[in-house]
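Working notes for the structure below.
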Amino acid sequence: MPDIPFTASLSLDAYPERNEINHNWFDETVAGALGRLRTRLGLHRAKFIQFHQQLTEQLKKLKAMDSTEYAEQIARLRYAMMRDGLTEEHITRSFALVYYSIVSSLRIKPYNVQIMAGWVMMQGMLAEMETGEGKTLSATFPACTAALAKIPVHIITANDYLAKRDARLMQPVYQALGLSVGVVVGGMTEAERRAAYDCDVVYCTSKQLALDYLRDRLKQGLQNKPLRRQLQQQIDQTESPERLPLLRGLCYAIVDEADSVLIDDARVPLILAREGADKDSLAVYYQSLAMAGLLTEGQDFHITATEPRLTLTEQGQQRLGELNSESNTGWSMTDAEQLVLLALRALHLLERNKHYLVKDKTIQIIDESTGRTVADRSWQKGLQQLVECKEDCALSSEKTVLARISFQRFFHRYLHLAGMSGTAREVAAELQKIYELEVVTIPTRKPNRRKMLPERVYPHAAAKWQICVKRIKQIHQKGRPILVGTRTIKDSEYLSLLLHKAQLPHQILNARQDEQEAKIIAHAGKLGQ
């Protein structure tokens with residue numbers, strides 16, 4: 001069992017986080033190769049079998065105890081872990097207590113594959129579990145173990161709804177062990193966030209967590225230097241408590257849908273900003289959009305489809321110079337070219353219902369990897385305001401960037417990083433190379449009956465959609481539930497129109513129905529859905 005980077009108890013004077021480490025190309029190449037090798041060979045199963053045997057012995061002892069003796073066992077283990085750290089023996093005892101708590105509070109019996117996934121995450125690895133195998137329950141094993149050792153735990157979910165749902169479902173387990181659980185979601189006040197982060201286990205999204213981390217750094221004026229709790233002691237005596245950090249450090253993170261968060265969104269910049277320019281000064285965007293509308297594709301500008309990228313032709317630059325003079329903007333040619341190229345991007349590269357939604361006269365950006373709208377995200381350098389002009393929405397103020405961090409840099413700073421996902425195998429080498437996060441595939445509880453059928457290619461889109469409707473009708477007549485995935489909102493709504501014409505009842509789920517997602521999914525497996 002590898003050493004876990006926790007001492008017997010975390011220093012009360014520190015804001016725990018890992019210093020960033022820069023690897024050379026050789027280290028990254030070797031790490032990537034090891035990631036592929038270990039995932040395929042499953043080198044950890046023998047160790048888990050030994051661990052499970054010890055766990056079974058502990059469970060036999062717990063079954064013979066009454067509630068008083070059980071509470072005493074929890075108290076003794078907490079003291080022992082704070083004294084000795086997370087030893088193999090203490091982890092085994094903790095898993096047994098968590099198992100017992102799940103059975104007694106939720107009235108369900110964890111499966112061996114769920115225990116295995118929890119054990120894998122306890123080792124600082126990523127557990128790849130098939131859909132429906134119980135990731136939410138699996139995460140409670142390592143979360144409770146770390147929390148019992150007084151280590152702050154962050155469980156990162158895909159959205160606010162899942163954070164609230166998972167915390168509510170698992171709360172009885174934490175309470176049975178004497179642990180507190182908090183939730184951090186959008187719209188919470190600073191006092192509410194502080195109270196949640198003070199809990200033993202916190203459920204939240206990666207965005208909320210990273211932004212609160214940036215706020216902590218800004219409060220103490222430390223963009224790049226380590227945060228220290230000694231500073232808090234000074235603040236307590238001289239200044240407002242609002243300057244105290246929200247988080248208790250970056251100790252232990254369990255990331256759900258880890259491949260999406262750690263790889264797909266790895267370089268997405270998390271930006272903390274404040275309102276900047278006066279809205280009255282934003283008329284410049286209307287002017288640049290109007291000028292861009294007078295330029296002709298192919299003559300004045302070209303679009304490179306592969307990247308995609310916009311470039312002005314020589315004729316376009318000349319035409320732009322004429323428009324700039326006629327409009328009396330007072331812009332230099334450099335400024336005019338930058339503004340108009342940005343306006344052309346808003347007009348030709350950003351599509352409604354693909355890259356963004358218009359809801360309540362505001363622009364909501366769609367995350368292309370998840371298909372969901374992203375609250376409070378906006379494009380930079382005036383692109384947001386240009387799209388708002390294009391869609392006749394009220395113009396928002398430009399924002400001044402106060403601090404930024406990418407998810408990759410943020411998660412690198414955790415002392416202990418683990419995760420779970422249903423689709424990590426394809427990016428195992430990248431996870432190993434970037435995060436030193438090993439992927440272990442967890443076997444399914446029952447034999448997998450899923451069949452991967454070959455791809456089919458059709459001469460044009462119309463033929464593809466006709467075949468889709470025909471196949472959906474065949475399956476629907478058998479009463480089997482069907483899930484159809486599309487690339488964009490536009491495609492999902494077009495298919496919905498075809499299904500209506502074919503008189504096939506169905507539910508549509510895209511970024512427009514984000515709030516109804518849970519209800520729609522809850523009924524998705526029923527007969528004929």
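Of note:
- Output for the stretch 281-315, where each listed residue is among the acidic types (Asp, Glu) and either without any contact (Cβ under 8 Å) to a residue 24 or more places away in the chain or assigned to a helix (DSSP H, G or I) (or both): Asp300, Glu307, Glu314
- Residues of the stretch 152-175 satisfying the condition of being open to solvent by less than 40 Å² (accessible area, probe 1.4 Å) and not in a strand (DSSP E or B): Pro152, Asn159, Leu162, Ala163, Asp166, Ala167, Met170, Val173, Tyr174
- Any chance Ala149 is over 25 Å from Ala71 (Cα atoms) and surrounded by 24 or more Cβ atoms within 10 Å (Cβ to Cβ): no
- Leading residue by the ranking (nearest to Gly528 (Cα to Cα)) among those in the stretch 465-507 that are out of contact with any Pro (no Cβ under 9 Å at 6 or more places or on another chain) and of a type in the set (Val, Ile, Thr): Ile482
- Residue in the stretch 315-333 that is closer than 22 Å to Trp379 by Cα, modelled with pLDDT of 85 or more and open to solvent by 50 Å² or more (accessible area, probe 1.4 Å) present: no
- Flag for Arg309 being under 21 Å from Arg267 (Cβ atoms) and exposed (fewer than 15 other Cβ atoms within 10 Å of the Cβ): yes
- Looking across the stretch 477-501, the residues that are in a helix (DSSP H, G or I) and open to solvent by 50 Å² or more (accessible area, probe 1.4 Å) come down to Gln477, Lys490, Glu493, Tyr494, Leu497, His500, Lys501.
- Residues considered: Thr68, Thr7. Of these, the only one that is more than 20 Å from Leu126 (Cα to Cα), among the β-branched types (Val, Ile, Thr) and at pLDDT below 85 is Thr7.
- Residues of the stretch 502-520 that are over 21 Å from Lys359 (Cβ atoms) and either loosely packed, with under 12 Cβ neighbours inside 10 Å or modelled with pLDDT under 85 (or both): Gln503, Pro505.
- Contact map, the stretch 237-254: first residue open to solvent by 10 Å² or more (accessible area, probe 1.4 Å), second residue in a loop (DSSP other than H, G, I, E, B) and modelled with pLDDT of 90 or more, Cβ cut-off under 7 Å, separation 6 or more or different chains; pairs are Arg248/Pro152.
- Pairs meeting the criteria (first residue in the stretch 347-370 and open to solvent by 30 Å² or more (accessible area, probe 1.4 Å) and part of a helix (DSSP H, G or I), second residue at pLDDT 80 or above and aliphatic (A, V, I, L, M), beta carbons under 6 Å, at least 6 apart or on different chains) are Leu347/Ala292.
- Members of the stretch 89-102 that are under 30 Å from the mean Cα position of the chain (by Cα) and open to solvent by 10 Å² or more (accessible area, probe 1.4 Å): Tyr99
- Within the stretch 56-88, restricting attention to residues that are farther than 19 Å from Tyr174 by Cβ, in contact (Cβ under 8 Å) with a residue 60 or more places away in the chain and not acidic (Asp, Glu), the residue that is surrounded by the fewest Cβ atoms within 10 Å (Cβ to Cβ) is Arg83.
- Any hit, the stretch 401-415, residues being loosely packed, with under 12 Cβ neighbours inside 10 Å and either of a type outside the set (Gly, Ala, Ser) or not in a loop (DSSP other than H, G, I, E, B) (or both): no
- Breaking point among (1) open to solvent by less than 40 Å² (accessible area, probe 1.4 Å); (2) more than 19 Å from Ile442 (Cβ to Cβ); (3) part of a helix (DSSP H, G or I), for Gly182: (3)
- Unmet requirement for Leu431, which otherwise passes all of (1) modelled with pLDDT under 90; (2) surrounded by 12 or more Cβ atoms within 10 Å (Cβ to Cβ): (1)
- The stretch 446-474: number of residues that are among the aromatic types (Phe, Trp, Tyr) and farther than 14 Å from Tyr494 by Cβ: 1
- Flag for Leu395 being touching a Cys at 6+ places or on another chain (Cβ under 8 Å) and more than 28 Å from His154 (Cβ to Cβ): yes
- Elements of type helices (runs of 4 or more DSSP H) in the stretch 38-141, at least 3 residues being within 27 Å of Ser421 (Cβ to Cβ) and among the β-branched types (Val, Ile, Thr): 88-106, 112-122
- Count - residues of the stretch 114-139 that are open to solvent by 20 Å² or more (accessible area, probe 1.4 Å) and either hydrophobic (A, V, I, L, M, F, W, C) or without any contact (Cβ under 8 Å) to a residue 12 or more places away in the chain (or both): 1
The values are calculated or read from the model by the stated rules, or taken from the named source; none is laboratory data. Only a predicted model underlies this, so the values are computations on that prediction, with no experimental measurement involved. Every residue, glycine among them, receives a Cβ derived from its backbone with ideal geometry; neighbour counts consider all protein chains shown. These area figures cover heavy atoms from the full protein model, side chains too; ligands, DNA and RNA do not enter into them. Shrake-Rupley method; radii C 1.70, N 1.55, O 1.52, S 1.80 Å.
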